[in-house]
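Beneath this line is the structure, given in structure tokens, with notes to follow.
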Amino acid sequence: MSPNKSKGEYNGRTMHWQGTGSSVPLWYTLELGGGGYLGETRAKRAIQRTRTVLEDWVAWIPNEMDQLFDATRNELESSNSILNITLDEALSLCKDGRFDSAKDRAEIFAGLFDRLALLVCDVLHSIKHHGTHFGTLPNVTPLASSNFRGSSGQKVAMMNNVLARVVFRERTRFFHKLDSLDEIVRELQKEAHGIVSEMSENDSHFSDRAWQKLEVLGYDLNTCTGETTVILKSFFCALPPEELESFRQKLVKLVPSLSGLDSDKKTFMN
């Protein structure tokens, strides 16, 4: 039985990758418990400044930040879910021997893959741009290669982990993780398009092996989505109230689907 939500409490659940039935080792889908108003938070946030990413994950944040975080998280999850469904359908078709039908899903999958990849990168770029100009630095943990299944993700994650162990500057560790995630996502896009292109040039039976490869890329993109969501929550925990509007404008500019929050600021005050 799930605990009752109350002010400042969150219930987390694990995101499952539909194509494999396995659990991604990042519990990033939050049931948000609501926050307070920015005007009442400065002293409270100074006292409650968290020390770890795990503390950030369950931490209280003001209503205005809470709603922007929730809207961004929903955009990421929606794109991820649609991608998962398409992949799961293609894998099922391959299992049933319907390779021609599975092959027809390739271009759709590539478009959905790009959609999620670009969304993840836009969120990362918004955080990086704001952090560069305002010096806002959240708690951060290094990437773990065990959270990735493909060689590209594992290699970059391993380098990020090594750097985090030898570099003591918080700023360097934070921006290197953002850059590492961006690098992984772009490499996943490149690999996905290459596989889809090969699929169109080969016979239908090739689609079975191709979809198995795409499933691995989808898993790793899902991991990047989870990492980005966790970073975003920690970023809001570190973000001073007076910087929220500036960050919101950057995020909405890169992610137009959040424009509803831009045109109706009263949403933040409810």
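The values are calculated or read from the model by the stated rules, or taken from the named source; none is laboratory data. The model shown is predicted, which means the values in this text are computed figures rather than measured ones. Counting neighbours? That spans all protein chains shown, and the Cβs are built from the backbone with ideal geometry, glycine included.
Points to keep in mind about this one:
- Pick from segment 111-147, criterion in a loop (DSSP other than H, G, I, E, B) and in contact with a Phe, Trp or Tyr (Cβ under 8 Å, 6 or more places away or on another chain), ranking: nearest to Arg186 (Cα to Cα): Val140
- Complete set of residues in segment 139-160 that are among the small types (Gly, Ala, Ser) and within 12 Å of Glu227 (Cβ to Cβ): Ala144, Gly153, Ala157
- In the set (1) surrounded by fewer than 16 Cβ atoms within 10 Å (Cβ to Cβ); (2) modelled with pLDDT under 95; (3) within 17 Å of Phe113 (Cβ to Cβ), the condition left unmet by Trp211 is number (1).
- Any hit, segment 125-133, residues being without any contact (Cβ under 8 Å) to a residue 24 or more places away in the chain and over 30 Å from Asn202 (Cβ atoms): yes
- Selection within segment 151-163 - in contact (Cβ under 8 Å) with a residue 12 or more places away in the chain and either surrounded by fewer than 19 Cβ atoms within 10 Å (Cβ to Cβ) or of a type in the set (Ser, Thr, Tyr) (or both): Ser152, Met158, Met159, Asn161, Leu163
- For segment 41-85, a residue qualifies if it is modelled with pLDDT of 95 or more and basic (Lys, Arg), and exactly one does: Arg73.
- Here Leu217 fits the description: modelled with pLDDT of 90 or more, crowded, with 22+ Cβ neighbours inside 10 Å and farther than 24 Å from Asp66 by Cα.
- Options Glu243, Glu201, Glu191, Glu187; residue that is under 22 Å from Leu124 (Cβ atoms) and either surrounded by fewer than 17 Cβ atoms within 10 Å (Cβ to Cβ) or free of Cβ contacts under 8 Å to residues at least 12 places away in the same chain (or both): Glu243
- Condition check for Ile108: surrounded by fewer than 17 Cβ atoms within 10 Å (Cβ to Cβ) and in contact with a Ser or Thr (Cβ under 8 Å, 6 or more places away or on another chain): yes
- Filtered by the rule that a residue be within 18 Å of Ile231 (Cα to Cα) and either under 19 Å from the mean Cα position of the chain (by Cα) or surrounded by fewer than 16 Cβ atoms within 10 Å (Cβ to Cβ) (or both), segment 164-180 gives Arg169, Glu170, Arg171, Thr172, Arg173, Phe174, Phe175, His176, Lys177, Leu178, Asp179, Ser180.
- Flag if Gly131 is farther than 19 Å from Ala106 by Cβ, surrounded by 18 or more Cβ atoms within 10 Å (Cβ to Cβ) and small (Gly, Ala, Ser): yes
- For segment 153-170, the criterion of being aromatic (Phe, Trp, Tyr), part of a helix (DSSP H, G or I) and at pLDDT below 95 is satisfied by no residue at all.
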